[in-house]
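The values are calculated or read from the model by the stated rules, or taken from the named source; none is laboratory data. Bear in mind the structure is a predicted one, so any value in this text is a computation, not a measurement. All Cβ positions, even for glycine, are placed from backbone atoms using ideal geometry, and neighbour counts span all protein chains on display.
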Amino acid sequence: MGSDFRSDTVTRPTGAMRDAMMAATVGDDVYGEDPTVNQLEAFAAEMLGKEAGLFVPSGTMANQVAILAHTERGDEVFIHRDSHAYYYEGGAAAMWSGVTWNLLDGIEGTPTPEILRYSIRPKNIHHPNPRLLSLENTHNRAGGAAIQLDRLIPLIDEARSYGLGVHLDGARLFNAAVALGISGRDLSQPFDSVSICLSKGLGAPVGSVLLGSRPFIDRARVFRKWLGGGMRQAGIIAAAGLYALTHNVQRLEEDHDRARHMAHALSEMGYQVMLPAVPTNMVMLDLSVSAAQVIDLLAQNQVLVGAMGPQRLRLVTHLDIDDAGVSHALNVFRTLSDHVHA
Ligand code: TLP
């Protein structure tokens, strides 16, 4: 019984995935000679309708390499203030790319075209060079919200009218695609670059892929090397990624069903559940007491959850959470409910 709801990053590779890793043909990927890495990059590019792909160790490196490849030092990057690349990446874009952020508002982590328009300053010696818009789908801090294309396209059109490039942090792109009932390819189509994570709901132990045009990926490959992300016989882990993309996309529906069931049950118990318009594999709870206190109480009962704010909990469903794990967690929440209602 799995009851670790802290993140979908905690999944461990299954036996079948480990078999695929064991069987992988490998070579030195810094020489471009690892057949399994090459296969993963080509497969992911084909799946998302982009020219080329770059295998990187983490979602953070995928975002940082993308920002490096899109910008020059001092350029301005537009991003929602709750987005991972700004909020959770330790200020890395300031360190590596030397860019300046322009932080935007908007519901579900997604600005409107008007919000972007009002934040664009005229070309003038006083202002930085506006260069990139970075979006996120699903949006993590917005409770795993899947964002529909009809909200994204007008925003992207607006960005393009100022000559901005557009990057998508698609760490959970397939959760969004499955929840919206469209292909990952259609959801990626309007973006210049897209990063996907293999090590979240898809269940691989390590790795992300950055996708884009061939010249963009060639440039990104140089930055990956600079950041120390050139890996050698990486086919061992790329094989897990290929397995994940082949077997674990459609099953994300199960994680969404379990999250929906939990959201419903918790709300019936009187918990304040924050639900996005199109939810995926996350449940956010707003408490009237400190999150840390409730996290401790839950952990004493073998239920692990994370905090998304001083009084906000995040529960994430994934490959290693089954129905028994959900029932156990709900029973524990039921016993605590008198203490922790908002
Ligand atoms: N998110 C992690 C934490 O860092 C918060 C999680 O548990 O959700 N983009 C998005 C949208 C992410 O949610 C994450 C990881 C990343 C990028 C970074 O991926 P990694 O951890 O592989 O660097």
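Here is a check on your reading of the model: is A259 surrounded by fewer than 21 Cβ atoms within 10 Å (Cβ to Cβ), of a type in the set (A, V, I, L, M, F, W, C) and outside the structural domain of N175 (by TED's automatic domain parsing)? In short, no. Each residue in the range 199-218 was checked for being within 16 Å of the ligand (Cβ to nearest atom) and either assigned to a loop (DSSP other than H, G, I, E, B) or surrounded by fewer than 21 Cβ atoms within 10 Å (Cβ to Cβ) (or both), and 9 pass. When L116, L54, L103 are screened for being away from the ligand (no atom under 16 Å from the Cβ) and touching a helix residue (DSSP H, G or I) at 6+ places or on another chain (Cβ under 6 Å), only L116 passes.
So L297 passes all but one of these: (1) part of a helix (DSSP H, G or I); (2) within 14 Å of D255 (Cα to Cα); (3) not hydroxyl-bearing (S, T, Y). Which condition number does it fail? Only one criterion in (1) part of a helix (DSSP H, G or I); (2) within 14 Å of D255 (Cα to Cα); (3) not hydroxyl-bearing (S, T, Y) is unmet by L297, namely (2). Condition first: small (G, A, S), crowded, with 20+ Cβ neighbours inside 10 Å, in the same structural domain as I217 (by TED's automatic domain parsing) and in a helix (DSSP H, G or I). Can you find one or more residues in the range 48-60 that meet it? Within the range 48-60, one or more residues are small (G, A, S), crowded, with 20+ Cβ neighbours inside 10 Å, in the same structural domain as I217 (by TED's automatic domain parsing) and in a helix (DSSP H, G or I). For the range 16-47, the set of residues classified as acidic (D, E), under 20 Å from P205 (Cα atoms) and in a helix (DSSP H, G or I) consists of D19, D29, E41, listed by residue number. Exactly one residue among G91, G144 is within 16 Å of the ligand (Cβ to nearest atom), outside the structural domain of R314 (by TED's automatic domain parsing) and loosely packed, with under 13 Cβ neighbours inside 10 Å, and that residue is G91.
Condition check ((1) in a strand (DSSP E or B); (2) over 22 Å from the mean Cα position of the chain (by Cα); (3) farther than 27 Å from G74 by Cα) across all residues:
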| position | (1), (2), (3) |
| --- | --- |
| L132 | yes, no, no |
| G143 | no, no, yes |
| L155 | no, no, no |
| R160 | no, yes, no |
| A176 | no, no, yes |
| L187 | no, no, yes |
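Apart from one condition, N124 fits all of (1) farther than 18 Å from A66 by Cα; (2) part of a strand (DSSP E or B); (3) of a type in the set (S, T, N, Q); the exception is (2).
Of all residue pairs spaced 6 or more apart or on separate chains, those with beta-carbon atoms under 9 Å, a first member in the range 318-342 that is of a type in the set (K, R) and a second member that is assigned to a loop (DSSP other than H, G, I, E, B) are R334/M269.
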